[in-house]
Amino acid sequence: MDSQQEQVQSPSLDDCLKLLRGERDEQRLAGLLLVTKFCKGDDVASLRKVYDAVGIQFLGRLLRTGMGKGTVSGNGADNRDAYLQLSVTVLAAFCRVPEIASSEDMVLKIPVILEIMSKSNSPVLEECYEFLYLVTVSCEDGAMTLYDYGGMKLLASQMCTLPDGSHMMELAMKMVQSMLSKLSQDSITNDCLSELPMVVVPIARQFAVLHNELKFEALHLLSYIFSSKYSQLLHDALRVMAGNNWPDYMRVGIVAILQNRVAPSEKLHALILAESIVSILGESWVIGQSSLPDLQDPVPADRCLLLVLESSRVEVDVLLNELAYLKYEASKNTSTTAEAILLKQQNVAVAFSLVERIIKLISAMTGNEGELIGENTFIKVINGLNETISVVLEYLKDAKEHGQNKGNDLLASVRVVGSYLAETPDAFKDKVTELLGYMLSIEADDESSPFYSICFLLPMLCQITMKIEGCKALISSGCYKAVVECLVKVIGPSCYTVEDDSCIFLACDTMLNLLLKKGQVQFSMDESTVVDLLMALGYWAEDANDPSVLMMASSICALLFDYTSEEALLNHPNFDISSLGRLSHLIARSLAFSKRGVSDAVRAEMDLLEIVISGFSRWAHRFPRISEAVERIS
């Protein structure tokens with residue numbers, strides 16, 4: 001009976017609507033107060049009716065009054081805080097209706113809400129976050145307006161003070177992602193570049209310290225940020241912030257993901273993040289000691305290294321198997337298959353990059369590994385790398401058997417194999433010998449002929465040709481021609497772009513090794529190959545002032561001239577008198593080094609100079625124009 005009386009006496013929605021439609025502000029205020037008592041957030045229909053009844057104009061006046069910028073009837077000044085609390089709370093509630101949240105009226109309220117948030121100790125901070133989040137995710141205009149009016153800057157300043165794992169922190173992270181997903185590259189300002197690193201720091205902390213679903217939200221946001229169009233700009237900004245704790249937070253969070261039972265997709269996100277951090281801070285980050293006083297269990301220095309390598313090894317194994325199935329066994333020529341292949345190629349590239357970084361790290365540590373990681377860890381890493389490279393070589397063998405030599409995944413495979421063989425050129429000797437010609441023929445999707453695959457293998461080729469056995473392997477397979485073609489591309493008129501000159505000098509050293517042992521290994525070159533290489537070397541050194549370029553080019557030419565004569569060259573259809581002029585000038589300039597005395601420059605190139613002097617004595621009689629040029633300079 002009592003409950004029935006209470007039910008009769010309780011205000012109904014219709015009572016609220018009558019008050020909200022009243023002519024006096026006091027009636028509307030009373031109606032809003034009643035709304036906050038019984039209108040639930042998921043009662044979209046009731047919220048819509050209430051919003052239509054009260055109208056945006058009254059809500060705007062109430063909000064301005066709460067901010068001290070306007071008045072409503074009654075004791076506005078005395079109740080300012082209450083009006084502010086009521087207006088923001090009601091606005092946030094209304095925005096749970098998607099149509100209201102995406103309306104222009106609500107988007108226009110964003111600058112006002114940001115102003116309220118900027119006041120220290122705002123009593124309605126959480127409601128402000130709720131409002132901004134709902135408007136931001138409901139429409140593109142909301143996200144752009146939030147960014148344009150300094151939302152990123154404000155969030156960057158407040159996130160470091162928000163409690164770990166709080167609802168506001170969760171909303172802040174979602175708003176950051178919403179803004180970034182809507183921004184174009186042209187919209188990124190210098191202000192954003194200074195604010196984004198400040199946002200990364202508190203998100204990285206959540207990633208490290210939390211053990212709930214928000215940890216994965218932080219992981220997804222971080223991997224999105226670091227693998228997005230902002231990544232390079234962000235890398236540059238974060239590099240100068242390396243003095244704070246964000247690298248340690250990242251390491252702790254990544255270790256937690258990789259060492260626990262989580263979905264494979266989450267581990268992949270962690271590897272994407274790890275690859276980005278390593279690209280910013282260098283390989284040593286994976287063996288850094290995390291020193292965070294608020295974390296009870298510090299991460300051992302080698303834990304991250306071992307987990308990243310093992311997880312990358314597993315990803316390589318799984319992804320290459322899946323790629324092989326999609327490429328050689330699954331239904332062909334379907335858009336779904338093509339998209340799946342592209343995604344897996346992108347993911348395996350991340351794992352390959354981490355493996356290459358670890359190879360580089362171990363190479364730098366060789367000889368003093370005990371100072372940084374223990375011997376047991378060092379052995380585990382070597383074993384893990386061996387297993388990974390073995391899997392990659394099997395993938396390449398499978399591709400060879402299927403007649404495939406074009407694809408970014410194949411080129412990436414050659415790159416990681418080349419990185420490993422650069423440090424241990426005799427590893428997997430039988431497999432590498434079997435696949436060498438094939439690996440040198442691999443092209444990227446956008447290449448018309450092999451180039452980068454040869455560049456990736458040059459460090460290994462240069463080392464193996466220091467021995468007779470290696471020279472014979474390269475000659476018998478005809479693989480030396482790939483080196484010549486690569487060299488002609490980078491030093492000849494076509495001028496292929498390479499990251500640095502090391503590729504050029506590795507190719508030169510490889511050819512020099514072969515030519516110096518030509519008598520021992522019965523190495524002969526066909527006339528066209530000799531002509532192409534001579535012309536490229538003459539072009540490369542024509543205007544060179546670097547003694548190393550001049551002497552390298554002239555020493556190879558001196559050995560190539562053993563195969564031919566001036567008359568034979570001039571009779572070749574691709575060779576002309578201007579080419580001979582360049583070569584004559586090159587030999588004359590290099591021999592002039594011997595007249596300069598023993599300077600540092602001459603001393604550094606003395607071994608190459610001796611090759612030129614010795615060669616000139618053998619073939620000068622067959623090259624009268626070169627002999628004349630030498631006499632003129634001397």
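Odds and ends about this structure:
- When the residues of region 216-236 are filtered to those that are surrounded by fewer than 20 Cβ atoms within 10 Å (Cβ to Cβ) and modelled with pLDDT of 75 or more, the one that is farthest from Gly150 (Cα to Cα) is Phe216.
- Within region 425-439, residues that are touching a residue at least 24 places away in the same chain (Cβ under 8 Å) and over 15 Å from Ser390 (Cβ atoms) have Cβ atoms under 7 Å from residues that are assigned to a loop (DSSP other than H, G, I, E, B) and open to solvent by less than 20 Å² (accessible area, probe 1.4 Å) in these pairs: Leu436/Cys479; Gly437/Cys479, counting only partners at least 6 apart in sequence or on another chain.
- Matching residues, region 516-566, being open to solvent by 20 Å² or more (accessible area, probe 1.4 Å), part of a helix (DSSP H, G or I) and either farther than 18 Å from Ser579 by Cβ or among the charged types (D, E, K, R) (or both): Leu516, Lys518, Gly519, Gln520, Glu527, Asp532, Pro547, Ser548, Asp562
- For region 529-586, filtered to residues that are over 15 Å from Ile491 (Cα atoms) and among the acidic types (Asp, Glu), the residue that is modelled with the lowest pLDDT is Asp576.
- Of the listed requirements (1) closer than 28 Å to Gln522 by Cβ; (2) open to solvent by less than 10 Å² (accessible area, probe 1.4 Å), Ala588 misses just one: (1).
- Evaluating Asn513 against the criteria (1) in contact (Cβ under 8 Å) with a residue 40 or more places away in the chain; (2) farther than 28 Å from Ile359 by Cβ; (3) open to solvent by less than 30 Å² (accessible area, probe 1.4 Å) leaves one unmet condition, (2).
- Only listed residue being modelled with pLDDT of 95 or more and surrounded by fewer than 20 Cβ atoms within 10 Å (Cβ to Cβ), chosen from Glu329, Glu339, Glu310: Glu310
- The residue pairs whose first member lies in region 41-54 and is of a type outside the set (Val, Ile, Thr), whose second member is open to solvent by 70 Å² or more (accessible area, probe 1.4 Å) and in a helix (DSSP H, G or I), and whose beta carbons are closer than 8 Å, counting only pairs six or more residues apart or on different chains, are Arg48/Glu99.
- Enumerated helices (runs of 4 or more DSSP H) restricted to region 227-291, each holding at least 3 residues that are more than 17 Å from the chain's Cα centre (by Cα) and in contact (Cβ under 8 Å) with a residue 24 or more places away in the chain: 246-259
- Close pairs (7 angstrom Cβ cut-off, 6 or more residues apart or separate chains): under 19 Å from Pro247 (Cβ atoms) and open to solvent by less than 70 Å² (accessible area, probe 1.4 Å) in region 186-202, modelled with pLDDT under 70 and outside any helix (DSSP H, G or I) anywhere: Leu196/Tyr230
- Matching option when the condition is in contact with a Ser or Thr (Cβ under 8 Å, 6 or more places away or on another chain) and part of a helix (DSSP H, G or I), among Ile382, Ile341, Ile359: Ile359
- Lone unmet requirement of (1) under 25 Å from Asp576 (Cα atoms); (2) within 34 Å of the chain's Cα centre (by Cα); (3) open to solvent by 10 Å² or more (accessible area, probe 1.4 Å); (4) without any contact (Cβ under 8 Å) to a residue 40 or more places away in the chain for Cys486: (3)
- So Ser448, is it surrounded by 16 or more Cβ atoms within 10 Å (Cβ to Cβ) and among the small types (Gly, Ala, Ser): no
- Every residue from region 70-89 that is buried (at least 19 other Cβ atoms within 10 Å of the Cβ) and either modelled with pLDDT of 90 or more or of a type in the set (A, V, I, L, M, F, W, C) (or both): Val72, Leu84, Leu86, Val88
- Against the list (1) at pLDDT below 90; (2) open to solvent by 30 Å² or more (accessible area, probe 1.4 Å), the condition Ile280 fails is (2).
- When the residues of region 567-585 are filtered to those that are more than 44 Å from the chain's Cα centre (by Cα), touching a residue at least 40 places away in the same chain (Cβ under 8 Å) and in a loop (DSSP other than H, G, I, E, B), the one that is farthest from Gln522 (Cα to Cα) is Phe575.
- Filter result for Asp426 (more than 19 Å from Ala324 (Cβ to Cβ), in a helix (DSSP H, G or I) and over 30 Å from the mean Cα position of the chain (by Cα)): no
- Residue within region 43-60 that is open to solvent by 20 Å² or more (accessible area, probe 1.4 Å), of a type in the set (A, V, I, L, M, F, W, C), outside any loop (DSSP other than H, G, I, E, B) and at pLDDT below 85 present: yes
- If the condition is being in contact with a Phe, Trp or Tyr (Cβ under 7 Å, 6 or more places away or on another chain) and farther than 16 Å from Val54 by Cα, then region 90-112 contributes Ile110, Pro111.
The values are calculated or read from the model by the stated rules, or taken from the named source; none is laboratory data. Keep in mind that what you see is a predicted model, and the values were worked out from it rather than measured. Ideal geometry is used to build each Cβ from the backbone, glycine not excepted, and the neighbour counts take in all protein chains shown. Side chains included, ligands, DNA and RNA excluded: accessible areas come from the protein's heavy atoms. Shrake-Rupley method; radii C 1.70, N 1.55, O 1.52, S 1.80 Å.
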